Amino acid sequence: MRCPYCGENRDKVVDSRTSKEGAATRRRRECLDCGERFTTYEYVEQLEVAIIKKDMRREPFDRQKLVSGIQSACKKRPVSMESIAEIVDRVQHRIEQDPRGEIESIKVGELVMDELSKIDQIAYIRFASVYRNFRTTEEFISQVSELVQ
């Protein structure tokens, strides 16, 4: 595993336990070069789920793409990486439950917004403004008004 601090590949596992309700193995690692500690998660590889885009194209579900989108919405907000990982876990779990093996991107966006609205309203508005493609300030104000009510 590459160290996120120094980039070297030499590390040792300091602690290992199941997490995410048994869906993952959490490992605390220590870099043997710089001594920094970091956490990794191992997941069982699931059957590939397709995301149906607005133009009806299908593309494979990409967990990292989901993480990046949520991180962008949470930038400079008091939302921990652990909270983001938990959101992604819950959304991914819901996506994988679809018996068709595919889900509309609109539904994925709604799932993310539902999760973000529970933990940080600013991150929710940021995500919604990109996801819903607000074109006017009125659309933005309308969305904020819904939160305040």
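Quick note: the coordinates plus some simple rules give every number you see, no bench work behind them. No experiment lies behind these values; they were computed from the predicted model shown. Here the Cβ is made from the backbone with ideal geometry for all residues, glycine too, and neighbour counts use every protein chain on show.
If you put +1 on each Lys and Arg Cβ and -1 on each Asp and Glu Cβ, how big is the dipole of the chain around its Cα centre, in Debye rounded to 20?
Taking the Cα centre of the chain as origin, the dipole is about 260 debye.
What is the dipole size for the stretch 91-134, taken about its Cα centre, with +1 at each Lys and Arg Cβ and -1 at each Asp and Glu Cβ, in debye to the nearest 20?
Taking the Cα centre of the stretch 91-134 as origin, the dipole is about 140 debye.
Using Cα-only point scatterers and the Debye equation, what is log10 of I(q)/I(0) for the stretch 89-128 at each q in 0.14, 0.16 Å⁻¹, rounded to two decimals?
For the stretch 89-128, the Cα-only Debye profile gives -0.32, -0.41.
Considering only the other residues whose Cβ falls under 13 Å of the Cβ of residue 102, what net charge follows from Lys and Arg at +1 and Asp and Glu at -1?
0
If one takes the longest principal axis of the Cα atoms in the chain, at what angle in degrees, from 0 to 90 and to the nearest 10, does the Cα axis of helix 137-148 lie?
Approximately 70 degrees, to the nearest 10.
What distance in nm lies between label points placed 7 Å from Cα along the C-beta direction at residue 23 and residue 100?
2.0
Give me the distance in nm between label points sitting 7 Å out from Cα along the Cα-to-Cβ direction at residue 62 and residue 122, one decimal.
2.8
Once you measure Cβ to Cβ distances between cysteines in the chain, which Cys have no partner under 4.7 Å?
74
Out of the trypsin sites (Lys or Arg not before Pro) in the stretch 1-100, which ones are loop residues according to DSSP with at most 10 other C-beta atoms within 10 Å?
Listed in order of number, the matching sites are 54, 57, 75, 76, 100.
Set the bar at 32 Å for Cα to Cα. Now go through 75/107; 12/107; 54/118 and name every pair that lies beyond it.
Long pairs (Cα-Cα over 32 Å): 12/107.
Please report the orientation-averaged projected area of the stretch 14-144, defined via the convex hull of its C-alpha atoms, in nm².
Average of the hull's projected areas for the stretch 14-144 equals 10.1 nm².
Which cross-chain or sequence-distant (5 or more) residues have an amide H under 5 Å from the amide H of residue 24, H modelled 1.01 Å from N in plane?
Correct list: 19.
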